[in-house]
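Since every read-out is calculated from the coordinates, none of them should be taken as a lab result. This structure is a prediction, so every number in the text was calculated from the model and none was measured. Positions of Cβ are generated from backbone atoms using ideal geometry, with glycine treated the same way; all protein chains shown enter the neighbour counts.
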Amino acid sequence: MLTRSPPPPEITDVLDRGERVIWSGQPRQGLMLRGIDGFAIPFALVWTSVPLIGGLATLAGPKSNLFGLVPVVPFILIGLYLLIGRFFVDSAQRRRTFYALTDERVMIVSGLGSRSVRSLALRSLEQLDVSERASGQGTITFGRSAFGSFALPGWPGKSYQPPMFEMISDVAAVAKLIREAQRAANAPSERR
């Protein structure tokens with residue numbers, strides 16, 4: 001069952017005059033593993049361990065030289081970020097992500113360093129895909145990406161994923177609200 005609470009300031013600050021919030025929420029909070037981590041964690045272990053072992057061998061060798069470590073340090077740092085750091089960045093990104101459905105659009109407000117507002121007009125939404133778990137939590141994806149949907153959570157840079165309400169509670173009920181708001185937005189103005 002959807003709980004209705006006032007939208008946070010991150011949402012109300014970007015509303016247009018007269019725009020009404022129907023639903024607002026955030027993705028699941030905290031540290032978490034995702035399906036891609038089944039590949040990413042073993043890859044990061046290999047990525048980190050190979051230069052680390054090579055660096056330690058350089059130090060333990062007969063001609064121990066600290067400058068021999070310089071080429072492997074960036075690889076070790078990237079590996080440590082892949083193993084540990086990206087989980088904390090992903091959690092921080094989700095903590096600063098807010099979703100809203102209004103009578104005019106769906107909005108995704110996000111950003112760690114600066115705020116980004118992504119809006120999709122209800123009248124032009126063509127595709128709405130819903131992925132739901134047994135718990136009722138899930139993701140609503142709006143459209144498809146031209147480049148596929150690969151993205152490693154917490155990795156810096158642009159993602160090629162389509163806009164989505166990711167890991168929200170009561171996903172089926174929110175999807176139903178979106179479809180109802182779409183119908184209302186596309187209805188002839190005399191009925192509104």
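Taking 22 Å as R0, compute the FRET efficiency from the Cβ-Cβ separation of Leu128 and Arg20 and round it to 0.05.
Working: r = 20 Å, r/R0 = 0.92.
For R0 = 22 Å, the calculated efficiency reads 0.60.
Tell me, what HN-Hα J-couplings in whole Hz come from the Karplus equation 6.51 cos²θ - 1.76 cosθ + 1.60 at θ = phi - 60° for each residue of region 126-141, using x for Gly and Pro?
9, 10, 9, 9, 10, 10, 10, 8, 4, 6, x, 7, x, 10, 10, 10
Compute a Gaussian network model of the chain, connecting alpha carbons closer than 10 Å, and tell me which residue from Ser169, Ser24, Ser114 fluctuates the most.
Most flexible of the set in this elastic network: Ser114.
Between Gln29 and Leu66, 0.36 nm times their residue separation minus their Cα-Cα distance comes to what? Before the final figure, lay out each step's value.
Numbers: separation 37, 0.36 × 37 = 13.32 nm, distance 4.16 nm.
That pair, Gln29 and Leu66, stretches by 9.2 nm at full extension.
More than 12 Å apart: what percent of Cα pairs in region 48-94 qualify?
Tail of the P(r) past 12 Å holds 63 percent of the pairs.
How large are Rg and Dmax for the chain when only the alpha carbon atoms are used, in Å?
21.9, 86
Please list the three semi-axes, largest first and in whole Å, of the ellipsoid equivalent to region 1-98, using sqrt of 5 times the eigenvalues of its alpha carbon gyration tensor. Mind dumping the intermediate values first?
Working: eigenvalues 439, 43, 13 Å².
Its equivalent ellipsoid spans semi-axes of 47, 15, 8 Å.
Please work out the FRET efficiency for the pair Leu2 and Leu45, using the Cβ-Cβ distance as r and a Förster radius of 35 Å; give the result to the nearest 0.05. Don't jump to the answer; show the numbers that get you there.
Values: r = 41 Å, r/R0 = 1.17.
Efficiency at R0 = 35 Å is approximately 0.30.
Taking springs between alpha-carbon atoms closer than 10 angstrom, which of Ser110, Ser49, Ser119 fluctuates most in the Gaussian network model of the chain?
Ser49
Can you list the HN-Hα couplings for region 115-123, worked out from phi with the Karplus curve (6.51, -1.76, 1.60; θ = phi - 60°), rounded to whole Hz and with x for Gly and Pro?
Those phi angles translate into 7, 10, 10, 10, 10, 10, 5, 4, 5 Hz.
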